[in-house]
Amino acid sequence: MFLQVDSLSKIYGSNDNKSIVLNKISFSLEKGSLCTLLGPSGSGKSTLLNAIGGLESCQEGSILIDNTDITKLKANPLGEYRRNHLGFVFQFYNLIPDLTVAENIQVGSFIGKDCLDLDTLIKNLDLWEHRNKFPKQLSGGQQQRCAIGRALIKKPDLLLCDEPTGALDYKTSKDILALIQKINKEYKTTVIMATHNEAITHMADRTIRLRDGMILADTKNDRLVSAKDLEW
Ligand SMILES: Nc1ncnc2c1ncn2[C@@H]1O[C@H](COP(=O)(O)OP(=O)(O)OP(=O)(O)O)[C@@H](O)[C@H]1O
Ligand SMILES: [Mg+2]
């Protein structure tokens, strides 16, 4: 198994103020799968993604990625691990405003070792004509494609997407989802994508449903729908 999450728990506060945000979460994913993390607001999607991405610590449990338990890594090796293996895409792009599209994407390559060719990637993201613009001169979809490029240039084994289409309109959302599906197929990148949109689960081979920090259901999908055919 590529990813193995075992009995992961995260708790905020103590005694009367205790809130269990992740409650004994266990699941595993094979390399190359595309998994959606579905659940209502507050169910723990972002917390789980951040834990898998080594951005938040948990009190209990383990997260094995390619046999490394990242919950046991100290700050430096964890940073190194994140740089070499993980890509993040967020709802609100998080681009650097003073850098152009090309430079924002290139930032991802400064921290990686074996990287994709910048120009080819920009063309694949359909951003070539916008490569010298700054984020504020771009549409939301273009900014998100740029953010995906920044995450992808270092060829991550695992791409974590937190509501990547949450700020986008219908048509642009489907373009971004199609891009994520293409990346998953072409580069065999394992993808975990948090969403509260049920329709998006149809493009994923796996869906984990969260409610109140617990796994409500964990299902496989044998009849994959292409992202461009999703409807909601
Ligand atoms: N610092 C904190 N202290 C206490 N509780 C917190 C803290 N940060 C998050 N939480 C709680 O953790 C729970 C899960 O939050 P999380 O952001 O993971 O949910 P989510 O599923 O991503 O929601 P959304 O769909 O709104 O993004 C929420 O109930 C939230 O209030
Ligand atoms: Mg969230």
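The values are calculated or read from the model by the stated rules, or taken from the named source; none is laboratory data. This structure is a prediction, so every number in the text was calculated from the model and none was measured. Neighbour counts run over all protein chains shown; Cβ positions are idealised from the backbone, glycine included. These accessible areas exclude ligands, DNA and RNA; they are computed on the full protein's heavy atoms, side chains included. Shrake-Rupley method; radii C 1.70, N 1.55, O 1.52, S 1.80 Å.
Listing for the model above:
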| item | result |
| --- | --- |
| Count of region 62-108 residues which are of a type in the set (D, E) and touching a residue at least 40 places away in the same chain (Cβ under 8 Å) | 1 |
| Residue in region 157-179 that is modelled with pLDDT under 95 and more than 20 Å from F92 (Cα to Cα) present | yes |
| Close pairs from region 17-42: first among the acidic types (D, E), partner modelled with pLDDT under 95 and surrounded by fewer than 14 Cβ atoms within 10 Å (Cβ to Cβ), Cβ under 8 Å, at least 6 apart | E30/M1 |
| Qualifying positions in region 11-22 - away from ligand 1 (no atom under 11 Å from the Cβ) and either in a strand (DSSP E or B) or not acidic (D, E) (or both) | S14, N15 |
| Hits in region 1-23 (condition: aromatic (F, W, Y) and crowded, with 16+ Cβ neighbours inside 10 Å) | F2 |
| Within region 178-200, tally of residues that are under 12 Å from S33 (Cα atoms) and part of a strand (DSSP E or B) | 4 |
| Test: I183 is of a type in the set (A, V, I, L, M), within 18 Å of the chain's Cα centre (by Cα) and within 16 Å of ligand 2 (Cβ to nearest atom) | no |
| Filter result for D175 (open to solvent by 10 Å² or more (accessible area, probe 1.4 Å), away from ligand 1 (no atom under 16 Å from the Cβ), touching a residue at least 24 places away in the same chain (Cβ under 8 Å) and assigned to a strand (DSSP E or B)) | no |
| Count of region 201-231 residues which are under 30 Å from K10 (Cα atoms) and in a helix (DSSP H, G or I) | 3 |
| Filter result for K182 (at pLDDT 95 or above and open to solvent by 20 Å² or more (accessible area, probe 1.4 Å)) | no |
| Any helices (runs of 4 or more DSSP H) falling wholly within region 24-140 and containing at least 3 residues that are within 16 Å of ligand 1 (Cβ to nearest atom) and surrounded by 13 or more Cβ atoms within 10 Å (Cβ to Cβ) | 45-52 |
